[in-house]
Each structure stands twice: as C-alpha cells, then as structure tokens.
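The values are calculated or read from the model by the stated rules, or taken from the named source; none is laboratory data. Note that this is a predicted model, so its numbers are computed, not measured. Here the Cβ positions follow ideal geometry from the backbone for every residue, glycine too, while neighbour counts run over all protein chains shown.
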Amino acid sequence: MARTPHRKTPTKRSGTASADEIARFAAMADAWWEADGEFRPLHRLNPVRIAFIRDRVVGHFRLDGSARQPFRGLDLLDIGCGGGLLSEPMRRLGAAVTGIDAAEQNVRVAGVHAAQSGLDIDYRCVLPEVLAGEGPRFDVVLNMEVVEHVADLDAFHEACCTLVKPGGVMVVSTINRTLKSFALAKVGAEYVLRWIPRGTHDWRKFVRPSELAAGLSAHGVEIVALKGMTYGPLRGDWFLSPDVDVNYLAFAVKG
C-alpha cells in the first residue's frame, strides 16, 4: 500500500502554491491556446470536463438545460485557471466568471485571449486563501487539475471550500494515486507517449478519491458524484466512465 504523501506546511510567502509548480507552468504560459502544443491533453479533455460540469450544475440548480446560456445568474470561480481553457466556455454558458492563478504569465495570457474573444472575465493573480479572506463567495467553484500540484493540500481544501456559497457546488478534477496511474499518467504520459513534459507530475502528490472526500468533508463540502475520465486509444478521445483508477471528476455540494 502506498503511503499518504507528506504535505509541506506553506510558507508565509508562497501560501498553498508551490514555487516550482508556478515556475513550470509559467514557462509554458504562451502555449495555452495551442491545441497541439504543451497543453494538448487539456484541450482533448475539455469537451468531457465541460459536459460533466454543465450537466451536474444544471441538475443541481434546476436550470434550463435547453437554454443557450443556462448558467446565467451564477457566479463561478475557476481556481488555477491557467490560460482560460475552462473559464471561457463557462462564460459562454452565461456564468459571471472569475479566474485566478498563481502565475502572472498565465493570467496575462488568459486576459489577452478573453479580450480577443470578446469575453468579459475577471482574471486575477491571487491565491485562493487570499481571495477567501477578501470575502467573495461563489455558486460554482472549479478546481480542475490543481490539487495534485499544491504545496499544502489541507490548507488548499480549506480555502477552496470557504469560497463556495452555502448550497453551492465544487467540481474537482485530478488523478488517483494507484499503480495504474503511475504506469499511465506518469510513465506513459510523460516518458512513453510524451503527451506532457517530463516532471509535470509527482505521483506521490496524486490524490485518492477517499482522501479528496475526507479533505472536502472536513470543511462542509460533500462529494455526491464521482466519474472517471478514460482515454480510448481506438477512438482517439476521452470519455466518462466508472473507472476512477487514473483521471477522475468529483461533484461536491456545500451544505
């Protein structure tokens, strides 16, 4: 059985963010919107992620799923927004979107692309714990492909959960810590297929669904739905599945 990875205590300077992780993604910031570039895996994952978010949010808030902008009237926060790959679709679905990231370069790229696309999105270079201290709360908080990169997972969970309004929801996407994920998400994706740069992930920081559930539950947010994201080599794309051994999505509600 793999040991639960040690979580570093955040420094006053860096908070929950990891300086090494910030630097790694900042160095690739200009490639966010290159569909066949460094972030190609996220571009391929995006349709599955968007469909999951849309369907679950529409169902939870009893919205009109047939509407062109079913998220109209919702305040949505995209934590670790990167270049805005999810923030922009959420804005097009009608939500008032705030995107935050620890890397200034990511926020710059996201802001420029949103302006070019005619989308009004509030992008900010700020950590979730700082934003939580400022007081805003959101109907929907997206926490996608972030938890496996933070310096202090417990503090990160606390900040993210604080940012959800009572009755609001959080959507989390991350990678399970299993032997299968080591083979596929670490060795396969980084060294064999070279989908992502080597060193992108530390397998020890991958988060099991049970650990995620416990971390969120400690702050009043409960997972109500869990789905795997599976790559079909014959189909050449990703799809939702019951298999959560590698990539998975969680939908959680704050009481």
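A few remarks follow.
- Within this structure, Ala102 passes the test of being buried (at least 24 other Cβ atoms within 10 Å of the Cβ), over 25 Å from Asp55 (Cα atoms) and either out of contact with any Lys or Arg (no Cβ under 9 Å at 6 or more places or on another chain) or among the hydroxyl-bearing types (Ser, Thr, Tyr) (or both).
- Qualifying positions in the stretch 62-94 - part of a loop (DSSP other than H, G, I, E, B) and of a type in the set (Lys, Arg): Arg62, Arg68, Arg72
- Every condition in (1) assigned to a helix (DSSP H, G or I); (2) modelled with pLDDT under 90; (3) of a type outside the set (Ser, Thr, Tyr) holds for Gly59 except the one numbered (2).
- Looking only at residues of the stretch 161-185 that are touching a strand residue (DSSP E or B) at 6+ places or on another chain (Cβ under 9 Å) and either assigned to a helix (DSSP H, G or I) or modelled with pLDDT under 65 (or both), we find that the one that is surrounded by the fewest Cβ atoms within 10 Å (Cβ to Cβ) is Leu184.
- Meets criteria (acidic (Asp, Glu), in a helix (DSSP H, G or I), modelled with pLDDT under 85 and within 19 Å of Asn143 (Cα to Cα)) for Glu21: yes
- Contact annotation: residue pairs with Cβ atoms under 6 Å, 6 or more positions apart or on different chains, pairing a residue in the stretch 102-124 that is in contact (Cβ under 8 Å) with a residue 40 or more places away in the chain and under 12 Å from Ser87 (Cα atoms) with a partner that is of a type outside the set (A, V, I, L, M, F, W, C) and in a helix (DSSP H, G or I), are Tyr123/Gly111.
- If you go through the stretch 148-160 and keep only what is of a type in the set (A, V, I, L, M, F, W, C), part of a helix (DSSP H, G or I), over 14 Å from the mean Cα position of the chain (by Cα) and over 14 Å from Gly133 (Cβ atoms), you end up with nothing.
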